[in-house]
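Worksheet: the structure to be examined is printed underneath.
Since every read-out is calculated from the coordinates, none of them should be taken as a lab result. Computed from a predicted structure; not experimentally measured. Every residue, glycine among them, receives a Cβ derived from its backbone with ideal geometry; neighbour counts consider all protein chains shown.
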Amino acid sequence: MSEIMTIEMIKNFLSQKEIDLPAGTVVTKSAIDWAKEHGLKISVGGTPVAEDATEIVPESRKAIISVIGVDKVGIIAKVSGILAEKNVNILDISQTIIGGFFTMTMMVDLEKSTSSFSEIKQQLNDAGKDIGVQITIQDVNVFQYMHRL
Amino acid sequence: MDFSSHEILETIRMVQMENLDIRTVTMGISLRDCSHPEIDKVCDNIYRKITSYAKNLVPVCEGIEEELGIPIINKRISVTPIALVAESCSTADYTKIAQALDFAAKEVGVNFIGGFSSLVHKGFTKGDIHLVSSLPEALAATERVCASVNVATTRAGINMDAVKMMGTIIKETANKTAEQDGIGCAKLVVFANVPEDNPFMAGAFHGIGEPESVINVGVSGPGVVLKALEKKKDADFGELSDTIKKTAFKITRMGELVGRIASKRLETRFGIVDLSLAPTPAVGDSVANILEAMGLERTGAHGTTAALALLNDAVKKGGAMATSYVGGLSGAFIPVSEDAGMIEAVEAGALSIEKLEAMTCVCSVGLDMIAIPGKVSPATISAIIADEAAIGVINKKTTAVRVIPVPNKAEGDWVEFGGLLGRAPIMPVRYLDSTLFINRGGQIPSPITSLTN
């Protein structure tokens, strides 16, 4: 039976930059991910451990903003204004009117924004209240996970 | 747009109008290394370990709620069954340990901590006897501690000595919390075939086969399923099942997402998603209403068991695709006091304890959150437990009993626990005597169907 290196065990190596484990050691995925995040290089028997190509959580910093309310002139301008000011890039916009309700959805990129998610959310909330619409901002993964396999 | 307006609105509607939420993110923590002969040292070890491992649980969950726009209703902790942790203690009364758990829970901000538990399906060790004997006092002396005792498994059979003892313990627990209508019993579950990774209270504990720590997620969304079914008034059972499957998939996917993010940010292994459909007392969040939407005048009508069987199965099929690791109870819950539709059905005289017992054959949890008259004898409570254990053992499923014999109240009275524990009308039980049966003691052997090797 080969030795196993788990995430709990690898945390003991935090102070080192590199570790070389005996040949045949099995390193768990969580341990690899942890090591990667903390700048720790692992090799087994002299060979660097290959990083798994699939990422578990994209955490892409993309979000979906939805604006729902009674059709009003100036909604797009107001929301875009806030986003521009916060350096949030708009990737796509879609809008529709269903039963008198105006719905606008935007895909945005928060990568270059210096404001936090909470700050952006708060400002959008406040703006929504001013105009009389509901503005929601949610990480794109919510929709990715729910509506795509 | 990668997603249509329709899809985006569907998600928003589910959260804002149909009660889609993450019911719980539960961190399981091993306390196996906290054992010590001196109980004060055990308490200290437990308190330190829990507060250290779980210190970021609540803030991280709150951050996730903010970013995803999906409420995470409860943040909870489950621990190694305390009977094991305290086994080496020279003190017989484990109440102090329960209090240490309670303090730790309050310190990190979780609303329940489960694991004041014991596994006695084959018999008692000293630690088990002490834990079980401590239950009434421990549950009266604490607010957030949840307890469980596993009295049977398909492989081991049913420990009838334990069943007998638990009837008495439940009564004592009720009496010790008489001022609050026996609320101690709302935090105590007796199990058959208990799962080691259940994130829901009151039966959650961190099993022996589990790692140092783990994140388990419980999702919920009876309201979402109900809304989906309301659009299918003329559908046949195939289409009904399909609709539930798809909805369960979407609900469970949210659990998967939350679990992955929480696990990453807390640097804790992601355990399982429990895809149970768990109701709350809130309007529009009822499992009973789903059964009624399938075409029954009232939950409790003939046909209820079949409807629940369909629901339970469809939830599992849809949920299983949504997550890498399914665990916990994973099925439909039927807790009486926590489901507005169930309460109405009991009030209307449509739902009896016998019908509930039948329903436990096809869903994941047993007789749950049922208030019974305070005068019910310990032997009758034991007999109720024995029946549920038999159903679980023979059918290779988890069953449980969480009944509250409300002191000084009778059939027709109401009990009000508040919050997620809800309110319930007191249900009648049969008063025929089972004392001689319960007094026999010993082990009901495991069924032949358990010989699967």
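Values as computed for the structure displayed
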{"quantity": "Number of partner chain Cβ atoms within 10 Å, mean per residue of A:132-142", "calculated": "5"}
{"quantity": "Spatially proximal aspartates and glutamates relative to A:Lys17 (Cα-Cα < 13 Å; intrachain offsets below 8 disregarded)", "calculated": "A:Glu37"}
{"quantity": "Between segment A:89-149 and segment B:341-366, the alpha-carbon center distance in angstrom", "calculated": "43 Å"}
{"quantity": "Residue range of chain A that is longest and free of GluC sites (Glu not before Pro) which are both DSSP loop and sparsely packed (at most 16 other C-beta within 10 Å)", "calculated": "A:60-110"}
{"quantity": "Cβ crowding within 10 Å averaged over residues, with B:368-381, B:431-444, A:63-76 ranked highest first", "calculated": "B:368-381, A:63-76, B:431-444"}
{"quantity": "Per residue convex hull volume, Cα atoms of the protein assembly as shown, in Å³", "calculated": "174 Å³"}
{"quantity": "Dipole moment magnitude, nearest 20 debye, chain B about Cα centre, only Lys, Arg, Asp, Glu C-beta charged", "calculated": "780 debye"}
{"quantity": "Residue-averaged 222 nm ellipticity for chain A, from DSSP H runs of 4+ at -39500 (n - 2.57), nearest 500", "calculated": "-9000 deg cm²/dmol"}
{"quantity": "Qualifying lysines (Cα of each under 17 Å from Cα of B:Lys106; at least 8 residues distant if same chain)", "calculated": "B:Lys49, B:Lys55, B:Lys75, B:Lys96, B:Lys187"}
{"quantity": "Likely footprinting exposure, B:His206, A:His38, fewest C-beta neighbours within 10 Å first", "calculated": "A:His38, B:His206"}
{"quantity": "Top positive-direction residue, dipole computed over chain A with Cβ charges, set A:Phe102, A:Leu83, A:Thr6", "calculated": "A:Phe102"}
{"quantity": "Ranked by how many other beta carbons lie within 10 Å on average, peptides B:213-223, B:245-255 from highest", "calculated": "B:213-223, B:245-255"}
{"quantity": "From the C-alpha gyration tensor of segment B:125-169, square roots of 5λ in Å", "calculated": "22, 11, 10"}
{"quantity": "Number of partner chain Cβ atoms within 10 Å, mean per residue of B:8-15", "calculated": "6"}
{"quantity": "Alpha carbon centroid spacing (whole Å) that separates segment B:178-257 from segment B:131-167", "calculated": "22 Å"}
{"quantity": "Angle in degrees between helix A:117-131 and the longest Cα principal axis of chain A, rounded to the nearest 10", "calculated": "10 degrees"}
{"quantity": "29 Å Cα-Cα reach of A:Lys72 towards lysines, excluding residues that sit fewer than 8 places from it in its own chain", "calculated": "A:Lys62, A:Lys86, A:Lys121, A:Lys129"}
{"quantity": "Over chain A, volume per residue of the alpha carbon convex hull, in Å³", "calculated": "152 Å³"}
{"quantity": "Spatially near lysine pairs across segment B:190-283, Cα under 27 Å, sequence gap of 8 or more or different chains", "calculated": "13"}
{"quantity": "Electrostatic dipole magnitude of the protein assembly as shown [Cβ: Lys, Arg +1; Asp, Glu -1; Cα centre; debye, to 20]", "calculated": "480 debye"}
{"quantity": "Listed peptides B:261-268, B:274-281, B:334-341 by packing density, highest first (mean Cβ within 10 Å)", "calculated": "B:274-281, B:334-341, B:261-268"}
{"quantity": "Relative exposure of B:Phe270, B:Phe103, judged by other C-beta atoms within 10 Å (fewest first)", "calculated": "B:Phe103, B:Phe270"}
{"quantity": "Distance from segment B:405-453 to segment B:58-98 (C-alpha centre basis), Å", "calculated": "27 Å"}
{"quantity": "Cα gyration tensor shape for chain B, rounded if a/c is under 1.5, else prolate or oblate", "calculated": "oblate"}
{"quantity": "Computed [θ] at 222 nm, deg cm²/dmol, chain B (DSSP H ≥ 4; -39,500 (n - 2.57); rounded to nearest 500)", "calculated": "-13500 deg cm²/dmol"}
{"quantity": "Alpha carbon convex hull of segment A:56-124, volume per residue in cubic angstrom", "calculated": "97 Å³"}
